[in-house]
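I have placed the structure first, in the form of C-alpha cells, so that the comments after it can refer back to it.
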Amino acid sequence: MTTPEEFSQYAQTRTVTGSQGIGTLEELRGLIEQHAAWGWTLAEFQERAGVRLEGDTAYVTQFYWSDAKTTLNAVWELVQYIHRYYLPR
C-alpha cells in the first residue's frame, strides 16, 4: 500500500505509467484475490495495487475493463457483490 506522502517522497525522479486491460470476471476475481482486495472500492484497489515504488521511481498501472459495453467500476461492484452475498463462507 502506498500513501500519497510516500508516493511524493520516493517518486521524486521518475514516474512510469502503464495500463492493464481486464477482460473477464475470473481475471478480475483473481486480481482481487491476489491483492486481498475484497471489500475495497475500485479507487482503493487502483491506489494500492496499481502503484509500486522502487528506488526513486513510481510505477503506476491504470486498470480498465477491456469491453467497451460496460465499465470496470460496474464490473468491480458486481464481482464484490457476488462475493459478499452469494459465495459460501
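Taking region 50-75 as the region of interest, how many residues are part of a helix (DSSP H, G or I) and either open to solvent by 70 Å² or more (accessible area, probe 1.4 Å) or in contact with a Ser or Thr (Cβ under 8 Å, 6 or more places away or on another chain) (or both)?
Matching residues across region 50-75 total 1.
Counting only residues that are buried (at least 17 other Cβ atoms within 10 Å of the Cβ) and of a type in the set (Asp, Glu), how many does region 21-49 have? Result for region 21-49: 1.
Scanning region 40-81 for residues that are of a type in the set (Asp, Glu) and at pLDDT 95 or above yields GLU44, GLU77. Residue pairs whose Cβ atoms lie under 8 Å apart, sitting 6 or more positions apart in sequence or on different chains, and linking a residue in region 57-75 that is over 12 Å from GLU27 (Cβ atoms) to a partner that is assigned to a loop (DSSP other than H, G, I, E, B), are THR57/ALA11; THR57/THR13; ALA58/THR2; ALA58/ALA11; VAL60/GLY50; THR61/GLY50; GLN62/GLY50. Do you know which of the residues in region 1-25 that are assigned to a helix (DSSP H, G or I) and either hydrophobic (A, V, I, L, M, F, W, C) or within 14 Å of TRP76 (Cβ to Cβ) (or both) is modelled with the highest pLDDT? Here the residue is LEU25. Residue under question is ARG84, and the condition is that it be in a strand (DSSP E or B), open to solvent by 70 Å² or more (accessible area, probe 1.4 Å) and at pLDDT below 95; does it hold? When the stated conditions are applied, ARG84 does not pass them.
The values are calculated or read from the model by the stated rules, or taken from the named source; none is laboratory data. Quick caveat, the model's predicted, so the values are computed rather than measured. Virtual Cβ from ideal backbone geometry, glycine too; neighbours counted across all protein chains shown. In case anyone asks, the SASA skips ligands and DNA or RNA and just uses the protein heavy atoms, side chains included. Shrake-Rupley method; radii C 1.70, N 1.55, O 1.52, S 1.80 Å.
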